[in-house]
Each structure stands twice: as structure tokens, then as C-alpha cells.
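Every number here is computed from the coordinates shown, using simple stated rules; none is lab data. Being a predicted model, the structure only gives us computed values, none of them experimental. Because the Cβ atoms are built from the backbone with ideal geometry, glycine has one as well, and the counts that use them run over all protein chains shown.
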Amino acid sequence: MKRNISTADRLIRLVLAIVLGVLYFTHTVTGTAGIILLIVGVILLLTALVNFCPIYRILGISTCRVPR
């Protein structure tokens, strides 16, 4: 897997994952919507940690400035 996420993209994903996790664990968002947001948060966290987004790969997008 080649890196396709920039540092700014990575930080945005981390912040969003934290916000979604806080919303779920403080019971601000509950039920099905809460579970969906938690899953989206986990996906954002994982993609930020590995610096790779499969959807970006499918769409041919790369926010990373490192040459491929």
C-alpha cells in the first residue's frame, strides 16, 4: 500500500474520529445512528493510522505530495 493521505488529511481524519467517538461514548448520539457514526469513526481512525485510503485509490485521488 502506497501512502495516499497527506498530513493535513490525516489530522482531519483523526479529529473527526475523536469527535465521533466522543459523541457516541457520551451518549449524545445513540441507537443506529450512533453505531453508524462509531463505525465511520473507526474507519477514519484506521485510514489515518496507515496513511492509506482505499476509496482514494479507487477514485485515483492522492492528497500526499510524495511521488508514487
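Only one of these is out of contact with any Gly (no Cβ under 9 Å at 6 or more places or on another chain) and not aromatic (Phe, Trp, Tyr): Val29, Val42, Val19. Name it.
Working: Val42 fails: out of contact with any Gly (no Cβ under 9 Å at 6 or more places or on another chain); Val19 fails: out of contact with any Gly (no Cβ under 9 Å at 6 or more places or on another chain).
That would be Val29, the only listed residue that is out of contact with any Gly (no Cβ under 9 Å at 6 or more places or on another chain) and not aromatic (Phe, Trp, Tyr).
What number of residues within region 1-47 are β-branched (Val, Ile, Thr) and farther than 22 Å from Gly60 by Cα? Reasoning before the result, please.
First, the residues of region 1-47 that are β-branched (Val, Ile, Thr): 5, 7, 12, 15, 18-19, 22, 26, 28-30, 32, 35-36, 39-40, 42-43, 47.
So of that shortlist, the ones also farther than 22 Å from Gly60 by Cα come out as 15, 18-19, 22, 26, 28-30, 32, 35-36, 39, 42.
Of the residues in region 1-47, 13 are β-branched (Val, Ile, Thr) and farther than 22 Å from Gly60 by Cα.
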